[in-house]
Amino acid sequence: MATTREIVKRRRSVGNIRKITKTMEMIATAKFRKALNRAVGSKPYTQKITELASALAAGLADQTSHPLLQRHSESNRVVLLALTSNRGLCGGYNGNVIRLTGQQIRMLRDEQTEIDLRVSGKKGIYALRFMGHSIQQQYTHFEDKVTFAQVADLAEELMDLYCRKQIDGVRVVFTRFVSSARHYADVLNLLPIQPAAPAAQTPESAGHPTGGLNIEEYLFSPPAREILDELIPITVKTELFQCVMDSVVSEQVARMSAMKAATDNAQQMIQALTRQYNRARQSQITSELLDILGGVEALK
Amino acid sequence: MTDHQKIRCIVITPERQAADAEALAVVLPAHDGLVGVLPNHAPFLCKLGMGLLRYRDIQNREHALFIEGGFGHVRDNEVSILTQTAIAADKITTAEADTQVRQAEALPAATIEEVDTRRHAIRRAKYLRQLTGATES
């Protein structure tokens, strides 16, 4: 049986851990609020611009030839971009993305496609390297205050590769944020851009027939094709930015709930240890008492 | 006023929704000049330049937003503006604009791209300063 002193020591260390996890939970909550505002703020923009681009692309489908809209398969090479976090202690957040990335890698290998694996976030880099995948590019600068310009740079590089036909597509594995209770790892085909499918309508846009604009009835300035040429790169950038933002928010949510669970567990452990301690103390007292009584008996 | 036709004017930037209002008329700074939009305008899609987006709301008050680039989309009496920057014109101060002019002029101009960026920044800052001059006088 553990001595009371040992139990006290353990209880104190669990208490210290609880303090740390509690603090981390609060920090994650604060960061989450901030990130959420940004992610939610950028969502309408992403939605609108994607809607517009895909509708316009669908409307111009027969006369457009933007390189980013065309499918090709010369290089047989696909960029797989996994977005993970730099820090751990956020539950299954990184694990889910890494697992999905692994699945994607296996799938692409089965199709005999070459993979250009790019990973953002230390956790993903270490885990995927450990799993024996060779990482072509790694990024650690997509932190919680990631700017549009940082993401735009990466998007531009990818678009450039795609236009030069050095890659056939870009897939992003990231964590999609739905609500603070729901976020899941998901794959997005960033490139080539899919022209609007009627099924891809969001509930808000359901009122408008967005499955391709009726080009004839529109006025364009400058001509539609020029607008599309400018719109497409912006769409790709905003879409990638939204992925990063979603991941950032999800990371904080995941950390929040993981740390909340840790704090609760520590609290339970403290209670159990306290009970154990009381019992140990009581039995110590009892045995001491018995010793004394035994001594008294012996003296008689 | 209520029987008048209205247009919904929505301004969205990557950071936030800068405006969402019912308007009687909207003037967009298109890439090649100003475009006025009244109710029942034909569907219209244009590239935007740098300039002031003005709209008159249903209380007949003028609003002005400084916007920079992006796209304007008119459909079904709805004007959606997707732009990088949207600042309410009355929120820009002369001092701020002056600082921006100075900052822009201090930019490096070694390469062709840098010269371009610098020229653009100066033009933008001077435009902002001009705006504050116009709104204050």
Notebook entry, point to check: Can you list the strands (runs of 3 or more DSSP E) found entirely within the range B:34-125 that contain at least 1 residues being of a type in the set (D, E, K, R) and either within 18 Å of B:A23 (Cα to Cα) or at pLDDT below 85 (or both)?
Noted result: B:50-57, B:62-68, B:71-75, B:78-82
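Going by the structure shown, is B:L48 closer than 22 Å to A:E217 by Cβ and open to solvent by 50 Å² or more (accessible area, probe 1.4 Å)? Before you say what the answer is, go through the steps one by one.
Values: closer than 22 Å to A:E217 by Cβ: yes; open to solvent by 50 Å² or more (accessible area, probe 1.4 Å): no.
Judged against the criteria, B:L48 is not a match.
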Check: Looking at this structure, is A:L69 more than 14 Å from chain B (Cβ to nearest Cβ) and aliphatic (A, V, I, L, M)?
Finding: yes
Note to self: So in the range A:61-86, with the set limited to residues that are at pLDDT 90 or above and out of contact with any strand residue (DSSP E or B) (no Cβ under 8 Å at 6 or more places or on another chain), which one is surrounded by the most Cβ atoms within 10 Å (Cβ to Cβ)?
What the structure shows: A:S85
Note to self: Report every pair of residues separated by at least 6 positions or lying on different chains whose Cβ atoms are under 6 Å apart, first residue within the range A:37-48 and more than 7 Å from every other protein chain (Cβ to nearest Cβ), second open to solvent by 10 Å² or more (accessible area, probe 1.4 Å) and assigned to a helix (DSSP H, G or I).
What the structure shows: A:T46/A:Q242
Check: If you go through the range B:20-33, how many residues are surrounded by fewer than 19 Cβ atoms within 10 Å (Cβ to Cβ), within 14 Å of chain A (Cβ to nearest Cβ) and in a strand (DSSP E or B)?
Finding: 3
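The values are calculated or read from the model by the stated rules, or taken from the named source; none is laboratory data. Treat the numbers as computed from the prediction; the structure is a model and nothing was measured. Counting neighbours? That spans all protein chains shown, and the Cβs are built from the backbone with ideal geometry, glycine included. Quick note on the areas: whole protein, heavy atoms, side chains included, nothing else; ligands and nucleic acids left out. Shrake-Rupley method; radii C 1.70, N 1.55, O 1.52, S 1.80 Å.
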